[in-house]
Each structure stands twice: as C-alpha cells, then as structure tokens.
Amino acid sequence: SIFLLRGLALKCAAKVGSRDLTNPQSPPLATKGRAKPIAQSEVDHGSDREHVSVASGAGVGVGKPTVPRAFQLATEQRGQHYRHEFEVRVAHEEQEHAERRKVKANPVPTNILKKGGSSLRSASVDRRPLTAPKPFDLSSEHRHEYARREFQKQVDAQERKKREQASFKARPYIPKPPPAANSHGVGGGGGGGA
C-alpha cells in the first residue's frame, strides 16, 4: 500500500510540473489606501514626519471627512407618534370639558309665571296645611315596657331578700342543763333495767 501511495504522489507531481504556476497577488483591499500608523521612532523625528506621511500613502484616495448622523431608532419614532396621539386626545378631552362647563339653561315656561311676571309660583298650587307628626304606637314598645317592669320587680325582690339576710339579730344564748344521772350508777353501760 505504501508503494501505491508513492506512485500516486509521483503521478500528481508530474501533472503539476507540466502546468504553469500562478503568481500570487494580494487582493485590492480598501485598507491599502488608508494612512498607515506612524511608528513611535518616526514620531520622535519631527523633520522626517512629512516624508513619512507622503511615503506611507496618506492623502491618497482620501475623500471628505465623515459627518456623523444621529440614530433613527424605531422606538423613538413610535414614542413620538404615541406622544402626538396623547396630546391630541388630551386637547380633545379638555375641549369637551370646557363645553360641558358652559351653562345651557332653558327659560322658565310662561304657564308657570303669573301675569305680573315677578313670581315663580304657579297659580294652580293650592295651600295645604303642613303635616303634623304623630307618635308611633308599636306593639314591640309595649312588650319592651312590660319586660322592663317585670325585670325591675325581680331586681327589687332580690335586693329586699339580700337586705333581710344582711340584717342579723343576735339572740341570747341559753345553756341547756346537763343530762340527768342514771339510778344505776354512773357510767353504766348498756341497758336499762329488767
């Protein structure tokens, strides 16, 4: 297998040798027209500065300086649109409120005014006496009064009973005579006679 690989390599080399080789060329990049950075050693020599800038290609292919433009973001455009809509809506609402505040009163109908035109009372309104309030007669109030009287009777009875118990009258102490002695002797034990 090694011999096969060597033979294949020799065949490829023979084919390449017969062709013309291409000359390598660098691609035309835009960076070639730009000014190359100046080395620190070249900066130190001020007299060589003009020579270096001309030699490095500075000024070749250089156009107008770039003027920066502000960003135009979609969020800013939407914000401006919504801000404008909000201002229009607020102005419209303020106008509606101003219209509502205007007084739009209708004149008093002529049939209400008297012939003199000075009084606003109607001639058809009759004078009735004012309503006098009457006290309520509720059965619940009667039940409440009855229950209150019964409760007061019970309270009075309990207080009377407590007063009677509280009034203590001392009675004189009368000692009882000692029991009489037995005829059989003192301290007899048990039983009676027969």
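Each reported figure results from applying straightforward, stated rules to the coordinates on display, with no laboratory input. In this text, all values refer to a predicted model and were calculated from it rather than measured experimentally. Glycine gets a Cβ as well: all are built from the backbone with ideal geometry, and neighbour counts include every protein chain shown.
Once the piece of chain linking VAL67 and PHE168 is laid out straight, how much longer is it, given 0.36 nm per residue of separation minus the C-alpha distance between them? Before the final figure, lay out each step's value.
Working: separation 101, 0.36 × 101 = 36.36 nm, distance 12.04 nm.
Value of the extension gain: 24.3 nm.
Summing Lys, Arg as +1 and Asp, Glu as -1, what charge do residues with Cβ under 14 Å from the Cβ of ARG148 carry, ARG148 excluded? Let's see the in-between values first.
Details: positive: ARG143, ARG149, LYS153; negative: GLU141, GLU145, GLU150, ASP156.
Every neighbour counted, the sum reads -1.
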